[in-house]
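The values are calculated or read from the model by the stated rules, or taken from the named source; none is laboratory data. Computed from a predicted model, the values in this text were never measured in an experiment. We place every Cβ from the backbone using ideal geometry, glycine too, and count neighbours over all the protein chains shown. Accessible surface is based on the protein model in full, side chains and every heavy atom, while ligands, DNA and RNA are left aside. Shrake-Rupley method; radii C 1.70, N 1.55, O 1.52, S 1.80 Å.
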Amino acid sequence: MVFVFDMMQKRIINRNLSTYLTIFKSLYIRGGIRQAPYALEKMRKAGFVLNAYSYNGLIHLLLQSGFCNEALEVYRRMVSEGLKPSMKTYSAIMVALGKRRNTEMVMSLLKEMENLGLKPNIYTFTICIRVLGRAGKIDEAHEILKRMDSEGCGPDVVTYTVLIDALCNAGKLNDAKELFFKMRNSSQKPDRVAYITLLDKFSDRGDVESVRQFWNEMENDGYDPDVVIYTILVNAFCKAGNMDEAFATLDVMKKQRILPNLHTYNTLICGLLSVNRLNDALGIFGSMESLGVKPTAYTYILFIDYYGKKGDCKSALETFNNMKERGIIPNLVAVNVSLYSLAEVGKIGEAKEIFYGLRNSGLAPDSITYNMMMKCYIKVGQIDEAIKLLSEMIESGCEPDVVNVNCLIDALFKDGRQDEAWKMFHRMTIMRLVPTTVTYNTLLAGLGKDGQVQKVLELFESMTRKGCSPNTITFNTVFDCLCKNDEVDLAITMMYNMAELGCCPDALTYNTIIFGLIKINSVHRAFWFFSQMKKSLYPDHVTICTLLPGIVKDGRAEDAVKIADNFVNQDRVCVDGAFWQDLMSGVLSAAGISKAVVFAEELVCNRICQDDSVLIPLVRMLCKHKKALNAYAIFEKFTKDLGVIFTVETYNSLINGLIDIHQMEKAWYVFNDMKTAGCAPDIFTYNLLLNTLGKSRKLKELFLLYEEMHRKGCKPNTVTHNIFISSLVKSNDLDKAVDLYYHLVSGDFRPTPCTYGPLIDGLFKSGRLEEAKKIFEEMGDYGCRPNCAIYNILINGYGKMGDVENASLLFRRMVKEGIRPDLRSYTIIVDCLCMVGRVDDALHYFNELKLTGLDPDLIAYNLIIDGLGRSRRINEALYFFEEMQNKGLCPDLYTYNSLILNLGIAGMVEQAGKILSGKPDSAYAVYKRMRVGGCSPNQGTFAQLPN
């Protein structure tokens, strides 16, 4: 047999799987081709000496059978024997390792190949780029591309397409576009696959402009669009919300006799549902079969998902059942999507119905299905039910996996049930599950959140002792706990030891250490770590936003400016307005307004940031704290002295702040400056000023500004119309307000509760009860669901009219419709009931208020104290008087006047005196306490004191 095998090698006769299995059998080796690494030793002893060709073939056989690790062992043996694997063998192993995301081994093989004198070719480099790209290591993939150019091994169209795909997946669309044009300018021209890749990725982002650009390039290169490419274009329009263009594309397809397929129609349905055009989506769905395209489970899933997210679980279930009735058996994927969408809106009952109905469909839940259902329970806070489901899963014979248990441990920690989380962790041993790095990371994060430094360290040591290798996330989780608890030195020591456990610090590692050092005011060391980080990693936005606030606080604004300058000029760094706002928010918080203004000025003067991004947080913060005049001073300085052009966002913040402190003259000045500077006011700007004019009942100026807004091409929105309705009501033009409302709803206006509130309130106050009821009842006809504020207006309206029956009915209706009453709801109903002497009912609602978890405020206590006092239930009134003070609420003039009046009327001199101060005259005792408490009496107080 040895002789035959050797002859086959020399004559290069194919040696297939049967060849090796026959040899294994003769050597009494069982277990099939997977035993090749073990078998090779026995084969050599028996005289079978493999040459390079045989080794290459054996490695390919192992890879084809899915035994990647064994193929690697054979490869190692081959190299150790001084034989050189072929390029094809290296490529095959790299592809197999790439599918497992083992980038380190792929890059290691690339080096080994070169060490053996083999020069990587285009195919090899492309494999490396694909593997790195799929692992998200874009920078390293770019380096391979540069290396190809430098080594004279220019990339081909496949190489470019692979990297373009990776860049798009990483969200680096601009880089992908840049690479595409680099490819066009090279000798390699894009093929159909390259165009489809680009179109598909940019389509998913809704970047219609880029899709059109690539489409034109594709047609110029002679590629005619087919159904796949047209569907991608339809998808782009759908993602951008431009459904008219999507349908126009469908018409073009039909004119060119390119028939839309199932994917085309599913894309259209998905797009329509994303813009809430349900009826149009249902229309397409209903016509699909007549067009020769049968809906699949995925088509139904689109509708189920839509209904679930809209809270219409009845329709979701009907669609699910309709799918089954049409003979389309829902697969587990369909069930999982349905369960998840139902859980998102908290409809656990319907989710359970689908889950437990699986068996009737002949499907058995797998671990993923159970995991989805557990997540359903967890999302609605029913963690105990999720734990019960784990037991049910085991009893049904479905073995749980680590993912299921990790999900439960995480939920228990987040719910503050640490002890139970640990019990679940220890239960894994019984379930014969080995904790993974994710398990330990979850536990470490839970302990770290509670600041349990010692336990975090003990668990980390236990993890490594039990053979579970930590990853960089593990270290970062530990460092986060240490740095937040002022143990940054220990974190630094552990960081230096990361390499021993096969881990490398990443940007988050350095960011966490820098955060810890800044937190303990060790700015110099933080700066040193930042310098070390730059030797191997690129600082990111978080790095800068963590470091610079500390440096500015330390009085080193110039150093901070230099760092910012270097960062923004760093390769592959995209600095936008959001970055500057985050940075300045951090500086403002750490260093205060004065140092923040100086830093912002330096950034502008050094031309590092030349727009108003650095000023937005300053203006917002000052306006929020009623210091809009200071913000105005900054506005003056930066616009007039430094030439900064403000954007509409900053103008709006400043105008809003000035209006808030009643500086209307300056607000109008800023508004006019805005227009003079060429910054067009947006709808938010106009609404701010329109609302102010409306509140001031300046209707003439209101309509003049509205006309200006129209002339400038600024289209009014719902808020604008609501402002006009409210303004008309405030100016006692109620009929005009009602007319405007009906005019608006006859068009495409979609009213909100803010539309109805002023109308209903105004009609009630004018005694036009029937009209108020009519408008309230028709809210649903216009797709507007009443909220708590609307019910409060109605309850208050009926209550003020003395109709407490209807007020109480409305309160109960609100609760029945799932709208939670707020503090004002309870205060209104208590006031209404006290006004008509139904104090027991008022007490019921007052006590219910406390049971809901809401804390009664001073107004609520005043109303119940007054109501009880007027009903001569003085002892109860005094009880609540003491209770409110025990809760830290200070009585006001209303409280004291009410008590003095009612105590005087009741004549409870001795008893009340003992309760209040031990002195005989209770009304005067209340008066004395009132003066001591710093509450000045008024004429009403003296009038209520008994003679």
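Here are the numbers:
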| quantity | calculated |
| --- | --- |
| Lone unmet requirement of (1) under 28 Å from Tyr223 (Cα atoms); (2) open to solvent by 60 Å² or more (accessible area, probe 1.4 Å); (3) hydroxyl-bearing (Ser, Thr, Tyr) for Ser186 | (2) |
| Residues of region 707-734 that turn out to be in contact with a Ser or Thr (Cβ under 8 Å, 6 or more places away or on another chain) and surrounded by fewer than 17 Cβ atoms within 10 Å (Cβ to Cβ), as a count | 1 |
| Any hit, region 374-386, residues being surrounded by fewer than 21 Cβ atoms within 10 Å (Cβ to Cβ), of a type in the set (Ser, Thr, Tyr), free of Cβ contacts under 8 Å to residues at least 60 places away in the same chain and in a helix (DSSP H, G or I) | no |
| Selection count where residues are within 39 Å of the chain's Cα centre (by Cα), over 26 Å from Gly32 (Cα atoms) and either not in a helix (DSSP H, G or I) or not β-branched (Val, Ile, Thr) (or both), scope region 63-104 | 2 |
| Matching entry among Tyr20, Tyr53 (being out of contact with any strand residue (DSSP E or B) (no Cβ under 8 Å at 6 or more places or on another chain), open to solvent by 80 Å² or more (accessible area, probe 1.4 Å) and not basic (Lys, Arg)) | Tyr53 |
| Helices (runs of 4 or more DSSP H) within region 476-558 that include 3 or more residues over 30 Å from Leu443 (Cβ atoms) and either within 32 Å of the chain's Cα centre (by Cα) or of a type outside the set (Asp, Glu) (or both) | 523-533, 541-553 |
| Tally, over region 735-744, of residues that are open to solvent by less than 10 Å² (accessible area, probe 1.4 Å) and over 37 Å from the mean Cα position of the chain (by Cα) | 1 |
| Among the residues listed as Leu490, Leu517, Leu459, the single one being open to solvent by less than 30 Å² (accessible area, probe 1.4 Å), closer than 30 Å to Asp415 by Cβ and without any contact (Cβ under 8 Å) to a residue 60 or more places away in the chain | Leu459 |
| Hits in region 203-237 (condition: closer than 16 Å to Gly271 by Cβ, under 31 Å from the mean Cα position of the chain (by Cα) and not charged (D, E, K, R)) | Ser203, Gly206, Val208, Val211, Thr231, Ile232, Leu233, Val234, Asn235, Ala236, Phe237 |
| Cβ pairs under 7 Å, 6+ apart, first in region 188-209 and in contact (Cβ under 8 Å) with a residue 12 or more places away in the chain, second assigned to a loop (DSSP other than H, G, I, E, B) and surrounded by fewer than 16 Cβ atoms within 10 Å (Cβ to Cβ) | Lys189/Asp221; Pro190/Asp221 |
| Given (1) within 27 Å of the chain's Cα centre (by Cα); (2) open to solvent by 70 Å² or more (accessible area, probe 1.4 Å), number of the condition Cys270 does not satisfy | (2) |
| Residues located in region 745-768, provided they are hydrophobic (A, V, I, L, M, F, W, C) and crowded, with 20+ Cβ neighbours inside 10 Å | Leu759, Ile760, Leu763, Phe764 |
| Those residues of region 561-580 which are within 23 Å of Ala631 (Cα to Cα) and either touching a Ser or Thr at 6+ places or on another chain (Cβ under 6 Å) or at pLDDT 90 or above (or both), in sequence order | Val561, Gly577, Trp580 |
| Some residue of region 389-397 being open to solvent by 50 Å² or more (accessible area, probe 1.4 Å), modelled with pLDDT of 90 or more and part of a helix (DSSP H, G or I) | no |
| Filter result (under 21 Å from Ser91 (Cα atoms), part of a helix (DSSP H, G or I) and open to solvent by 40 Å² or more (accessible area, probe 1.4 Å)) within region 151-173 | Val158, Asp165 |
| Matching entry among Val403, Val434 (being out of contact with any helix residue (DSSP H, G or I) (no Cβ under 7 Å at 6 or more places or on another chain), touching a residue at least 12 places away in the same chain (Cβ under 8 Å), open to solvent by 50 Å² or more (accessible area, probe 1.4 Å) and not aromatic (Phe, Trp, Tyr)) | Val434 |
